[in-house]
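Accompanying notes for the structure given below.
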Amino acid sequence: MRVSLFITCLADQMYPEVGESVVRLLHRYGCEVDFPELQTCCGQPAYNSGYQDEAREVARNLIRAFDHSDYVVSPSGSCTGMVHHYYPQLFENEPEWKAKAERLIAKTYEFSQFLVGVLGVKDLGAVFPEKVTYHPSCHAMRLLGVKSEPGELMAHVEGLELIDLPRKEDCCGFGGTFAVKMADMSEAMVCEKAANVCATNAGVLIGTDMGCLMNIGGRLNKENKPVRVMHLAQLLEEGVKNGERKHGK
């Protein structure tokens with residue numbers, strides 16, 4: 001199975017280790033992974049700021065970058081959600097590009113969605129004996145409908161104790177350009193989210209979007225809270241290594 005990695009801006013610039021974890025796990029299940037270097041941003045920052053013409057140009061470039069791909073997998077529900085939910089709107093008056101956008105949509109998946117829904121993988125043989133809580137990102141949950149997949153993957157991790165996050169459906173306050181335009185409101189939201197994370201007494205916070213993890217992790221760090229912040233792919237890769245050591249593989 002040939003898969004192209006859609007790394008996203010935040011992973012590329014700030015969390016490259018998340019992309020590495022995704023690639024290693026995909027290789028583990030027989031995927032041949034490539035990285036189209038033509039890819040840049042999905043266009044979401046421009047789109048959210050009202051610059052639709054600029055977002056359209058960026059979107060065209062992403063469509064070109066993955067034109068050859070059989071599957072496109074991303075460690076971000078937000079960027080994947082942008083492609084799925086907003087690309088048809090961007091090209092509603094351009095039939096040729098709308099058709100190209102729809103072809104990209106049909107083969108583009110968020111990481112956990114791809115593992116569970118396409119590869120049929122739920123149990124990776126991972127071991128992670130920690131108390132963990134999970135923040136579901138707004139875009140993955142609401143735009144893509146990614147709800148059960150992360151939980152299904154974590155449910156099969158040996159030793160992992162998943163503690164329900166209070167008010168987990170609430171936004172963390174990042175929202176891309178929202179955090180810049182509405183800084184005071186964004187800060188109030190992330191303070192509440194960080195307090196809810198701490199209320200679980202979990203030692204690890206898991207998420208599927210780097211924007212959320214950066215925002216919540218930054219707040220936890222500012223408050224000197226000893227909570228480790230990880231992307232789901234990092235948790236699974238570390239758990240797989242733990243499992244191999246435990247079972248002598």
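Do we have R60 as in contact with a Phe, Trp or Tyr (Cβ under 7 Å, 6 or more places away or on another chain), surrounded by fewer than 23 Cβ atoms within 10 Å (Cβ to Cβ) and modelled with pLDDT of 95 or more here?
In short, yes.
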Exercise for the section: Within the range 98-117, identify whether any single residue is polar (S, T, N, Q) and either surrounded by fewer than 18 Cβ atoms within 10 Å (Cβ to Cβ) or farther than 27 Å from E169 by Cβ (or both), and answer yes or no. Expected result: no
Handout entry: Every residue from the range 38-53 that is in a loop (DSSP other than H, G, I, E, B), touching a residue at least 12 places away in the same chain (Cβ under 8 Å) and over 12 Å from C79 (Cα atoms)
Key = L38, Q39, S49
Fill in the blank from the handout: Of the conditions (1) surrounded by fewer than 19 Cβ atoms within 10 Å (Cβ to Cβ); (2) charged (D, E, K, R); (3) within 25 Å of G239 (Cβ to Cβ); (4) modelled with pLDDT of 95 or more, the single one that K147 does not satisfy is (4)
Completion exercise
In the range 103-153, anything over 26 Å from Y87 (Cβ atoms) and assigned to a helix (DSSP H, G or I) is listed as G151, E152, L153
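Conditions tested, residue by residue: (1) touching a residue at least 24 places away in the same chain (Cβ under 8 Å); (2) assigned by TED's automatic domain parsing to the domain that holds V23.
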site: H85; (1), (2): yes, yes
site: P88; (1), (2): no, yes
site: P95; (1), (2): no, yes
site: K107; (1), (2): yes, yes
site: Q113; (1), (2): yes, yes
site: G125; (1), (2): yes, no
site: S137; (1), (2): yes, no
site: L162; (1), (2): yes, no
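The values are calculated or read from the model by the stated rules, or taken from the named source; none is laboratory data. Predicted model only: the values in this text are computed from it and were never measured. When we count neighbours, we look across all protein chains shown, and the Cβ atoms used for this are built from the backbone with ideal geometry, even at glycine.
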